[in-house]
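Worksheet: one structure, shown below.
Rule-based calculations on the coordinates, nothing more; no lab input. Treat the numbers as computed from the prediction; the structure is a model and nothing was measured. So basically every Cβ, Gly included, is an ideal-geometry build from the backbone, and we count neighbours across all protein chains shown.
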C-alpha cells in the first residue's frame, strides 16, 4: 500500500519532463518531489516513535527505495531517511538522539553522508579528529552538494559537521548519473561533534553500511524493473519485418531471461531487508549478496533493454540512459560486486577480514 | 592457416619497430574517436607517411593511391603488434576507409575506383553512411527513401537516421528504393551522394554519451548524376551487404580489444584500493585475464580470416561471428575499467578526480558497436541462417491489434 501510494504520487509528479529538467539543471535533490515524500512521512519510517518517527521496519523502507529507484527519483532519501537516522540511532548518545532525530522528522534538515573511505579508500583520504575539531578529506559524500549537515565516517568513528561551519570546503563530483549528487568534503580545523564516543562506532558503521547495501540494491531492483517493463512494452510496439519484434524468439527469450533473473532478486532483497531487523547473524552476508547480485542482474537488464530498443535506446531522446546510469552508479556506490562478494566471503570466515586483502 | 615467422620477418619487425620509435614518436598517439570530427591536418599528414611506408592501405593497388603490397599475413600481424606495443598512433579508421573502399574495390567501376579511393584512404574525403531510417532499422530492406530517374539524374526524397559523420562528411553512400514494384530486397540501389547537394538537411542526434556523433538526414529533391550508382539498379542490397561484411570486420577489429586490455592492465597497476593495487587483487585480475583470453582468441581469429581471404577460401561462419563477439568483448573490457575505479569510474565531469582515461565514455559508447551495423540479435540471425544454414523464421504479417491473426506473405 505504501508502495502503491508512492507510485501514484511519482507517476503524477515525476514525469519524464520533470526528470529531464532536474537532470539538465543538475537539481539532484528535487525539493518539490521531496516535499511530497515528507507529506507521506516516508522519511521517518526508520525513526522510532519516541522521537516522532513512524518506527517501521527496513522492509517498509525497502519498498520506498525500490519505488524511488523505479522512478529514478532525484531526492536524497538514502541519506536522510536511511543512513543519517541509523547512524544517529546506533552511534549517538541519548542527548544527541533527542536533538537530531526529531530534527530529521521535522523535515527541515538535509543530510549528506560519507562512507566511501571506510569501504574502499582510493585517495588515501582520512579524517583527524582532535578536541572537537576535524581536519582531513572525505571522498564521495552522498548528497554532499546540497546538505545542511554531514555525517562522515572514519574507521571506528562517525562525526557530525555543519556544512556551513568554518573550514568546510565542498567540491561537487559530477557522475554520469544526474539524479543524485556527490561531493568531496575538505575540512580544515572544522568544529565537529563525534556521534557517541570516538572509536566506539565500528558496529554502527557496519549496520549503516548494511542498510546502505540493502537500500541501494532495492533502488537498482526498482530501476531494473522499470527498464524491463520498457523493454517489454517496446517489444510489443515496435514493428520490423511486418511484425512486432516481440514475436521473434530472439527477443522473447531475452525478455524471458530478464524476468527469470529479476524475480529472485526481489525475493533476495526483501529477505535481506527482513533480516536487517530480525536475523542479525545473516545481515552482512545477505546485504552484500543483495548488492552484488542485483548489481549484476540490473547491469545485464539495462544493457539488454538498451540493446533491444536498437538505435533509439542509445539516444538521449528516449531517456532510457537515465535508468542505465543510475544502475551503473548504484553498482559502484560503496563497493562494486567484487568487493561485496569479498566482504560476504569474509563474513563467513572464507577470506581474510580486510576488505581489500589480496 | 600458415603462420611461419622466418628470419626474413625479423628484419621486417626491426624496420617497423624503428619506424614506430622514430617517426611514431613525432606524432601524438591519441586516437581519434570515430565519427567525432574530420581528421586533423596532422592526422592526414601521418596517414600519408603510413601509406608511404606500407603500414596502412597496404594491399590497395598503387594506381588507387595505396601501397600496393602483396597480402602477407605475418607482416600484417607484425605491424599490428609493433604499433600496439609502442603505443604508436594507428592510421585513420573511418567508414570510408573500412567500408566504402573495399566495396568499391569489389564492385565499383574503374572510374569510381580512380576517383574516390585515393582521397578517401588519404583521409581527405570523408563519407557518411546513409542506411537506417526511422521505420527501417533491423529490417533495413524495408527502407522507403526513394530515388526516381529524371533524365541523367536521380532525384532522392526521404529521411535517414543514424547517419554518422553527416555533419562534416564530403560524400554519403546511401541506400534508396529505385524499383518500388520489385520485392523489397530487389528494389534498392546504392548511390554515392555529395553532401553539399541542395535539399539536404542534417540535424544532430544526441546519444547517451551526451554527444552527437550521429544525425538525422532529411532529403528533399536531392539531385545527383545517374552515374553515381555502385552496381546495377535494384542490386543495392547485394552491394550493401558487401559493405556490411566490411562493417562487421571494422566493428569486430581485434586490434581494438588488444589496446583496451593493455589500457585496463595499466590502469590496474596504477589504481589502489585501500592501499592494494587492483592488479594484485585476484577478484579483479581474474576478470582481466578472462577478457585477455577472449581478446587473444579474437586476435588470432582475425589472422585466420586474413589467411582465408588471401588464400581465397571465402567467408564462412567464422567471418560472421566477429562483430557479435568483439563488440560484447569491448563492452566488458570498458566495464571492468569502470568497476576497478569504483565510484571514481562513474565521474563524467573532467575534474581532477576523473584522473584516468575516459573509460566511462568508452563504456557508454560501446553500445554503438553492439547496436550499430545490425544489432547483436540480427547478427545471431545472420550467423544461424547464413552461417549455419538454419531455416529462417516463417514470413508472416502480424496485425498490431490481433496478434493471433497471421497472414502469410
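Given the Cα-Cα distance of residue A:5 and residue A:32 and 0.36 nm per residue of separation, how much length would full extension add, in nm?
Working: separation 27, 0.36 × 27 = 9.72 nm, distance 1.67 nm.
That pair, residue A:5 and residue A:32, stretches by 8.1 nm at full extension.
Per DSSP H run of n ≥ 4, the term is -39500 (n - 2.57); total these for the protein assembly as shown, divide by its residue number, and report the mean residue ellipticity at 222 nm rounded to 500 deg cm²/dmol.
Values: 25 runs with 356 residues, N = 767.
Result for the protein assembly as shown, helices only: -15000 deg cm²/dmol.
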What percent of all Cα-Cα pairs in the protein assembly as shown falls in each 10 Å bin, counting up from 0? 3, 13, 22, 22, 18, 13, 8, 3, 0, 0
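Determine, for B:370, B:224, the number of other Cβ atoms within 10 Å of each Cβ, and report the residues in order from fewest to most.
So the ranking, lowest neighbour count to highest, is B:224, B:370.
What is the Rg over Rh value, at two decimals, for chain B, using alpha-carbon atoms and the Kirkwood definition of Rh?
Details: Rg = 22.5 Å, Rh = 23.0 Å.
Here the Rg-to-Rh quotient is 0.98.
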Please determine, in degrees from 0 to 90 and to the nearest 10, the orientation of helix B:359-371 with respect to the longest principal axis defined by the Cα atoms of chain B, where the helix direction is its Cα long axis. 40
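As an exercise, use a Förster radius of 60 Å and the Cβ-Cβ distance of residue B:312 and residue B:270 to find the FRET efficiency, rounded to the nearest 0.05.
On the way: r = 46 Å, r/R0 = 0.77.
It comes to 0.80.
For a quick check: sort B:99, A:1 by the number of other beta carbons within 10 angstrom, fewest at the front.
Working: B:99 23, A:1 6.
In order of increasing Cβ crowding within 10 Å: A:1, B:99.
Under the classification rounded if a/c is under 1.5, otherwise prolate if a/b is larger than b/c and oblate if not, where does the stretch A:153-283 fall, given a ≥ b ≥ c as square roots of the Cα gyration tensor eigenvalues? Show your work: numbers first, answer last.
Details: a/c = 5.55, a/b = 1.97, b/c = 2.82.
Verdict is oblate for the stretch A:153-283.
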For chain A, what's the relative contact order in percent, using C-alpha pairs closer than 8 Å and at least 6 residues apart? 16
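Viscosity 1.002 mPa s, temperature 20 °C: Stokes-Einstein D of the stretch B:252-387 from its Kirkwood Cα radius, in µm² per second?
Working: Rh = 16.1 Å.
Translational diffusion coefficient: 133 µm²/s.
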Between the alpha carbon centres of the stretch A:132-183 and the stretch B:303-320 the gap in Å comes to 57
Over the Cα atoms of the stretch B:127-234, what Rg and Dmax result, in angstrom? 13.3, 45
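For the residues A:269, A:283, A:194, what sequence is obtained by ranking on other C-beta atoms within 10 Å, fewest first?
Working: A:269 31, A:283 23, A:194 20.
So the ranking, lowest neighbour count to highest, is A:194, A:283, A:269.
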Indicate the gyration tensor shape class of the stretch B:7-93 (rounded, prolate or oblate), computed on the Cα atoms with a ≥ b ≥ c the square roots of the eigenvalues: a/c under 1.5 is rounded; otherwise a/b larger than b/c is prolate and the rest oblate. oblate
Report the gain in length on full extension from residue A:249 to residue A:233: 0.36 nm times residue separation, minus Cα-Cα distance, nm rounded to one decimal. 4.2 nm
How many angstrom lie between the Cα centre of the stretch B:178-212 and the Cα centre of the stretch A:31-109? 54
Computed lengthening from residue B:396 to residue B:197, 0.36 nm per intervening residue step minus Cα-Cα distance: 67.7 nm
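Can you give me the relative contact order of the stretch B:127-234 as a percent, contacts being Cα pairs under 8 Å and 6 or more apart? Don't skip to the answer; put the middle values down first.
Values: 267 pairs, mean separation 33.1, N = 108.
Answer for the stretch B:127-234 is 31 percent.
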Nearest-ten-degree value, helix B:41-53 long axis tilted from longest Cα axis of chain B: 80
Expressed as a whole number of Å, what is the distance separating the alpha-carbon centroids of the stretch B:79-129 and the stretch A:3-25? 48
Orientation-averaged projected area, Cα convex hull of the stretch B:250-310 (nm²): 4.4
Per the 1/(1 + (r/R0)^6) rule, R0 = 56 Å and r from the Cβ atoms of residue A:93 and residue B:70, FRET efficiency to 0.05 is 0.10
Rounded to the nearest 10, the angle in degrees between the Cα long axis of helix A:94-106 and the longest principal axis of the Cα atoms of chain A comes to 40
